[in-house]
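**Q** Quick one: structure below, then a few questions.
Each reported figure results from applying straightforward, stated rules to the coordinates on display, with no laboratory input. On a predicted model such as this, the values are computed, not experimentally measured, just so you know. Note: ideal-geometry Cβ built from the backbone for every residue, glycine included; neighbour counts use all protein chains shown.
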Amino acid sequence: MDKKTSLKNVKKYPINGTKYTIAISSAKGGVGKSTFATNFALALKSLNCNVGILDADIYGPSLPKMMCLNEKPKAENGKNLIPIEQYGIQCMSIGFLVDEETPMIWRGPMVTSAIKTFAQKVLWKDLDFIIVDMPPGTGDTQLTFSQDIKLDGVIIVSTPQEVALLDVKRGIKMFDKLNVPILGLVDNMSFFESADGEKHKIFGEDGVEKVANDFKKKFLGKIPISIDLRISADEGKPLVEKDLNHKISKNFIEIAKKIKVSFP
Ligand code: ADP
């Protein structure tokens, strides 16, 4: 069987209790994927959607910190996990299974089985959207995940510098090959606006938008470098939750509106 045929024929599992599954992916770590995932989830909630977040970033789970989740999830009947609700969002993280400072050195089969457990054994309740914070990269973990879980779409987050964009192109090709619809690309850390109003394009200019155009994908918008966004992430209260009217929160809400209209 050639590779193309085998990818198409794999059985994909839907996530129970949810209407639509949207993955947030980045080709590289540290580009703001989790920051985007949490704020985007809260932006969708502000548009009256029921939302959950599944933190599947095996190698750097950040949901417990970014959403200030201190308790571990409870299990029902000793087998099904009950998500923890925070800021009106149902949350589950692979980070609950390890302590904060333990590095993840799981091998392929362990990753696959953890993901399947998450997909099938969490009691998500009446969700319109589940946002899946994917591990970064285009390696085996990403591939396995996209093959096992029925994804309704993926949003790719990147910073605009050349070295990140190369990996974004790889990511686009991978999702296209796996028949996962790419909902669009987001340019994070696009620029820094100093007090005098000048925009400093620290990582280059319009790189993500250009890649989106080249590959005929939607460009969803820019998120500037923001101290408030970073502080709120560290505090465990995403900016959209902390201040819905903040200039940067509005960027997330605009992107959420663009995504919501694609799902009736
Ligand atoms: P990833 O999930 O891609 O590894 P994170 O979301 O954890 O990246 O972000 C990495 C760091 O960058 C975090 O400290 C986060 O607060 C910060 N960060 C992300 N996006 C921005 C932004 N637009 N402005 C300022 N800091 C940001």
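**Q** Suppose every Lys and Arg Cβ carries +1 and every Asp and Glu Cβ carries -1, with no other charges. What dipole size does the chain come out with about its Cα centre, to the nearest 20 debye?
**A** The dipole of the chain has a size of about 1140 debye.
**Q** Right, here's the next one. Out of residues 5 or more away from V122 or on other chains, whose amide H comes under 5 Å of its own, with H placed 1.01 Å from N in the peptide plane?
**A** Amide H neighbours of V122: L81.
**Q** Scan around I53 for amide H atoms under 5 Å from its own, H built in the peptide plane at 1.01 Å from N, and keep only partners 5 or more places away or cross-chain.
**A** Correct list: Q90, C91, M92, I131.
**Q** Can you grab the distance from the C-alpha centre of the stretch 114-161 to the C-alpha centre of the stretch 187-250, Å, no decimals?
**A** Cα centroid to Cα centroid, the span is 22 Å.
**Q** Name the long-range amide H neighbours of I223: under 5 Å, sequence gap of 5 or more, or other chain; modelled H, no Pro or chain starts.
**A** Correct list: D187, N188, M189, S190.
**Q** Something else about it: Can you give me the relative contact order of the chain as a percent, contacts being Cα pairs under 8 Å and 6 or more apart?
**A** 27 percent
**Q** Find the Cα radius of gyration of the chain, compare it with 2.2 N^0.38 Å by division, and give the number to two decimals.
**A** 0.96
**Q** By how many nm would the segment from N70 to Q120 lengthen if fully extended, with 0.36 nm per residue of separation less the alpha-carbon distance?
**A** This chain segment gains 15.7 nm when fully extended.
**Q** Hey, what did the stretch 160-214 get for relative contact order, percent, Cα under 8 Å, at least 6 apart?
**A** 44 percent
**Q** Determine ³J(HN,Hα), in whole Hz, for all residues of the stretch 210-219 in sequence, where each value follows from phi through the Karplus function 6.51 cos²θ - 1.76 cosθ + 1.60 and θ = phi - 60°; x replaces Gly and Pro.
**A** 5, 4, 4, 5, 4, 9, 6, 10, 6, 9
**Q** Calculate, in nm to one decimal, what K257 and D243 gain on full extension: separation in residues at 0.36 nm each, minus their alpha carbon distance.
**A** Fully extending the segment from K257 to D243 adds 3.3 nm.
**Q** Right, next: What is the Å³ per residue value for the convex hull set by the Cα atoms of the stretch 114-208?
**A** So the per-residue Cα hull volume is 133 Å³.
**Q** Related question: From the phi of every residue in the stretch 223-228, what ³J(HN,Hα) in whole Hz does the Karplus formula 6.51 cos²θ - 1.76 cosθ + 1.60 yield, where θ is phi - 60° and glycine or proline is x?
**A** Values per residue, Gly and Pro as x: 10, x, 6, 9, 5, 4 Hz.
**Q** Moving on to the next point. Let me have the 222 nm mean residue ellipticity of the chain computed from DSSP H runs of 4+ only, each contributing -39500 (n - 2.57), with the sum over all residues rounded to the nearest 500.
**A** Roughly -11000 deg cm²/dmol at 222 nm, from the helical runs in the chain.
**Q** Rounded to whole Hz and in sequence order, give me ³J(HN,Hα) for the stretch 46-51 from the Karplus expression 6.51 cos²θ - 1.76 cosθ + 1.60, θ = phi - 60°, writing x for Gly and Pro.
**A** 5, 9, 6, 9, 8, 10
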